[in-house]
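Below you'll find the structure, written out as structure tokens, and then a few comments.
The values are calculated or read from the model by the stated rules, or taken from the named source; none is laboratory data. Here the structure is a predicted model, which is why all the values come from computation and not from measurement. Methodologically, a virtual Cβ is constructed for each residue, glycine included, from the backbone with ideal geometry; neighbour enumeration extends over all protein chains shown. In case anyone asks, the SASA skips ligands and DNA or RNA and just uses the protein heavy atoms, side chains included. Shrake-Rupley method; radii C 1.70, N 1.55, O 1.52, S 1.80 Å.
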Amino acid sequence: MSAEEKSLNFIEQIIEDSLAKGFPQEKLRFRFPPEPNGYLHIGHAKSICLNFGLGLKYDAPVNLRFDDTNPAKEEQEYVDAIKYDVQWLGFQWAEERYASDYFQQLYDWAVLLINKGLAYVDSQSSEDMAKQKGTPTQAGTNSPYRNRSVQENLNLFERMKNGEFPEGSHVLRAKIDMASSNMLMRDPIIYRVLHRDHHRTGNQWKVYPMYDWAHGESDYIEQISHSICTLEFMMHRELYDWFVNQIREEQLVKPNQYEFARLNLNYTVMSKRKLLQLVQEGIVTGWDDPRMPTISGLRRRGYTPASIRKFAETIGVAKRENLIDVSLLEFCIREDLNKTAPRIMAVLDPVKLVITNYPEGKEEWLEAENNQEDETAGFRQVPFSRELFIEREDFKEEASNKFFRLTIGKEVRLKNAYIIKGESVVKDAEGNITEIHCTYDEDSRSGSGTEASLRKVKGTLHWVSIQHAQKAQVNLYDRLFSEEFPDADKEVDFKTFLNSDSLKTVTGYIEPSLNGDEVGKRFQFQRLGYFCIDLDSTKNNIIINKTVGLKDTWAKQQ
């Protein structure tokens, strides 16, 4: 076996086997089929990367098909968001399709099933249908309406379509096997009555197809060769095949369903229903809240398409469910931004530093490297003056020998600038330090080549010039849940485990090289982490979101 063959995931191996058995490569066709009932999340990103990745690998078309069969939950807003997310991730579909494109064909095929004696209108209540369906170990019982005549079924189904009956009064069921060991084969519902306007077809339809009916038949219409789903649809495969086989013409490709393990991420909920709950209850600001696992939330937080694609590649495609640590996702964005993000200095918990022997009124512009990992990134000019801000935690009035930051009587280097020595402090009436006074070594400027500039000190601090600093609102985001498995216990509300520290907002001071209206721009605050400019930021009101810290702080807590 070659190295290339060893690297194939099991889905790719299935496709290779199909080709080896004579399936024409030009007939390979894939699809990504989201339901437009919410925003896509990181789990969907895995499926997007898989399906579109197969299209790129095999030079095959990939459709974006919206399974829009439930007008009660679907909206055009979600359609638009999904399209944007797929393109933002770097993929382009061959055709944009909708299950609603096929409503007439799906209805006609349902009529065909009735004429073949394979479907009937059931007028039981949903409670009665549930009772007669049986259990996994006990066969179901036939509906009292199962043997209605073809003509009666055709008449009732047409009247359902015409809107003559209220919701819940009738359904159309496939006539398969009420004793099947697969409960999905026990006369599944094909159509139900819904008096709801559809975001594309308006009020044209009063009956809507169920997912299982629409999905496989849509794959067949589009001639999808490999229909790739997540594992929860494994039991649906038998029904998928049964439905397709009833309408298939021999000369056309029969789509086949294959299942892979969906993404399970700790410290996260992935249910659209629960994510919608967070939005509707105002626990988050919206689907694109940077704490959400949605693609739009990750984008607003500063994640890159490359980092998400790398994450999907790293976790791979498995046959069995497994749990992925969210720290792997955070690692992927750190690795990407480390290579690409420009470095700037910012102080988020400031204390004033006065260099007492630096001339009052003097300012100078010091050269700073934009990104030492990127030789092409160049340099920028950073202003320096007598009064600076440093991080409050970077100073202790009294400290042990293991504290390598600023303290009284010890030296540290100000990054890209001078070596300073702590001299004294000024405190307010409550004893809080309001100013730190220090002196500097005039000959120690970084890069000057003097003997003093080459002198080694153990600590290096970031800083900003007070006179030149830009003020910004900085949103310090953390994981939304403090519990590793927030929805593991079905008896406990998952919101019980919300992390009360998932968002802290502070006023930060930033060197003036940053333009606050460059929405989405990513950068590293030196020594603090990776950040990006928020969508609502303007030149006069800078808003910045924390993407991720420089290190995984959660690992230390476990």
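A simple charge model with +1 on the Cβ of Lys and Arg, -1 on the Cβ of Asp and Glu and nothing else charged puts the dipole of the chain at about 480 debye relative to its Cα centre. Convex hull volume of the Cα atoms of the stretch 53-196, normalised per residue: 156 Å³. Where the alpha-carbon atoms of the stretch 332-469 are placed on the principal axes, they occupy 48, 36, 31 Å, in descending order. Rg over Rh for the stretch 217-256 works out to 0.95, using Cα positions for both radii and the Kirkwood form for Rh. Ranking of W365, W205 by solvent-accessible surface, largest first: W365, W205 (1.4 Å probe, protein heavy atoms only, all chains present). Once the C-beta distance of K490 and M183 is scaled by a Förster radius of 25 Å, the resulting FRET efficiency is 0.75 to the nearest 0.05. Accessible area of M235 (1.4 Å probe, protein heavy atoms only, ligands and nucleic acids ignored): about 110 Å². Summarising the label geometry, the points placed 7 Å from Cα in the beta-carbon direction at K131 and T538 lie 6.4 nm from one another. Rolling a 1.4 Å probe over the heavy atoms of the protein chains gives the chain an accessible area of 46 Å² per residue. If you wrap the stretch 96-161's Cα atoms in a convex hull and average its projection over all directions, what's the area in nm²? Hull-based average projected area comes out at 6.2 nm².
Using +1 at the C-beta of Lys and Arg and -1 at the C-beta of Asp and Glu, which of A72, I114, Q372 has the Cα lying farthest in the positive direction of the dipole of the chain? My answer, from the dipole projection, is I114.
Geometric descriptor of the stretch 1-115, per residue, is 147 Å³ (volume of the convex hull of the Cα atoms).
Along its three principal directions, the equivalent ellipsoid of the stretch 480-558 from the Cα gyration tensor extends over semi-axes of 32, 16, 10 Å, largest first.
Within the full protein context, the accessible area of V412 is estimated at about 0 Å² for a probe radius of 1.4 Å. The gain in end-to-end length when the D17 to Q105 segment is fully stretched comes to 28.4 nm, 0.36 nm per residue minus the alpha carbon separation. Express in whole angstrom the spacing between the alpha-carbon centres of the stretch 370-449 and the stretch 87-149. About 70 Å separates the Cα centre of the stretch 370-449 from the one of the stretch 87-149.
Here the alpha carbons of the stretch 122-230 define both size measures, Rg and Dmax, at 15.4, 43 Å. Annotation: for a label point projected 7 angstrom from Cα along Cα→Cβ of E249, residues of the stretch 17-51 with backbone N closer than 20 Å are 24, 27-29. Solvent-accessible area assigned to carbon and sulfur over the chain amounts to 46 percent, based on a 1.4 Å probe. How much mean residue ellipticity at 222 nm does the chain get from its helices, if each DSSP H run of length 4 or more adds -39500 (n - 2.57) and you divide by all residues, to the nearest 500 deg cm²/dmol? So the calculated ellipticity at 222 nm is -7500 deg cm²/dmol. Ranked by solvent-accessible area (1.4 Å probe, protein heavy atoms only, all chains present), the residues D493, D441 order from largest to smallest as D493, D441. Exposure check, 1.4 Å probe, all protein chains in place: K27 carries approximately 100 Å² of accessible surface.
Calculated from the alpha-carbon coordinates, the stretch 236-313 shows an Rg and a Dmax of 18.8, 53 Å respectively. Look at the dipole of the stretch 144-285 built from charges on Cβ: of L252, M210, S225, the Cα furthest out on the positive end belongs to M210.
If you sort V506, V464 by accessible surface, 1.4 Å probe, largest first, the order is V506, V464. At each listed q (0.16, 0.31, 0.33 Å⁻¹), what is the log10 of I(q)/I(0) that the Debye formula gives for the stretch 164-211 modelled as equal alpha-carbon point scatterers? These q points yield log10 I(q)/I(0) values of -0.53, -1.10, -1.17.
Based on every Cα atom in the stretch 190-332, Rg and the maximum pairwise Cα distance Dmax equal 19.0, 53 Å. Computed across the chain, the Kirkwood radius stands at 27.8 Å (inverse of mean 1/r, all Cα pairs).
What the Cβ-Cβ distance of Y258 and K83 gives, at R0 = 30 Å and to the nearest 0.05, is a FRET efficiency of 0.75. Note on the stretch 359-422: with charges restricted to the Cβ of Lys and Arg (+1) and Asp and Glu (-1), its dipole about the Cα centre is near 360 debye. Basic side chains Lys and Arg get +1 at the Cβ, acidic Asp and Glu get -1 at the Cβ, and with that the dipole of the stretch 412-539 about its Cα centre reaches some 660 debye.
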